[in-house]
Amino acid sequence: MTSYAVFLRGINVGGINIKMADLKDALAGYPFSKVKTLLASGNVVLQSGLGAADVKGQFEKCLREAFGYDAWVVVLTASRIAELVEACPYPADDPSTHAYITLASDSAMLDELVDAAQAVGSVEKVRLGPEALAWLAPAGGTLESPVSKVSAKARYKATTTTRNLRTLIKVRDAAAAS
């Protein structure tokens, strides 16, 4: 069994409201064990004998069937989340900035997002790997960040999602405790 972190895109915003208890119940019929939801923003840790691509497919199928919307998730192993948290050069708790990590299921789309964000404006950012980009936003200015503006576009909806570093630390810790 492999431990995974699953990140849902776009729930509990824009009219798609899913209670985490309902999500956990819906996942009961799928090949997942030790399912734990974290926060209301769509973070799940679980174990499965499936590979990451199959976890993604099954999880999205569950969301579409149980909640009736075009669902997209990014799935990474728990060990990869731990590596990304460790590799992030930014502090999790700086009062003047917020550290974010954009995760992608398609590295080419993340490459495109990085280029598009750079065209909008400069932002401090570091590529952590083919599936992750760490970036900073000034406190109170996250939505104005070039990465935030670009990643909100429909083009990136199916392949990327962003979490603050504090959330990824909580996900890492929850996966380690499973």
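Checking the cross-link pairs Lys34/Lys170; Lys24/Lys125; Lys24/Lys149; Lys125/Lys157 against a 24 Å limit on the alpha carbon distance flags Lys24/Lys125; Lys24/Lys149 as lying beyond it.
Taking all protein chains as they are arranged and a probe of 1.4 Å, the heavy atoms of Tyr30 leave approximately 40 Å² accessible to solvent.
Counting 0.36 nm for each residue step from Thr97 to Phe67 and taking away their Cα separation leaves a gain of 7.3 nm.
Stretched out straight at 0.36 nm per residue, the stretch from Lys24 to Asp54 would grow longer than its current Cα-Cα span by 9.0 nm. Rolling a 1.4 Å probe across the protein heavy atoms gives the chain an accessible surface of 46 Å² per residue. Rounded to the nearest 500, the helix-only mean residue ellipticity at 222 nm of the chain stands at -11500 deg cm²/dmol, with each DSSP H run of n ≥ 4 adding -39,500 (n - 2.57). The solvent-accessible area of Ile18, taken with every protein chain present and a 1.4 Å probe, is close to 10 Å². Taking the protein heavy atoms of the chain in the context of the full set of protein chains, the accessible area attributed to carbon and sulfur is 52 percent at 1.4 Å.
The values are calculated or read from the model by the stated rules, or taken from the named source; none is laboratory data. Here the structure is a predicted model, which means the values were calculated and not measured. With ligands, DNA and RNA removed, areas are computed over all heavy atoms of the protein, side chains included. Shrake-Rupley method; radii C 1.70, N 1.55, O 1.52, S 1.80 Å.
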